[in-house]
């Protein structure tokens, strides 16, 4: 016997997808100082020196050859996804 999907489940899925936050891109070549920057959404300071994962955690890494090309972080305060670029220096 086949069962029909419940409408409330599909409504919950729609609400969950509507709450997804935007993906923010931060270019590290445009940051002065030690590489720390504020979360684009909530402003909490994200520092490369923070190894506790209290403020953010690493979601994904992308490499080209043996070099880090991109890092995807998630802010633990607001849940924003932050894409860090600028690891690879392009030569002209």
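Rule-based calculations on the coordinates, nothing more; no lab input. What you see is a predicted model, and the numbers here were worked out from it, not measured in a lab.
Assorted remarks:
- Max-minus-min Cα coordinates of the stretch 21-85 on each principal axis give 33, 25, 23 Å, with the largest extent listed first.
- Chain lengthening between residue 28 and residue 44 when straightened (0.36 nm per residue, less Cα-Cα): 4.1 nm
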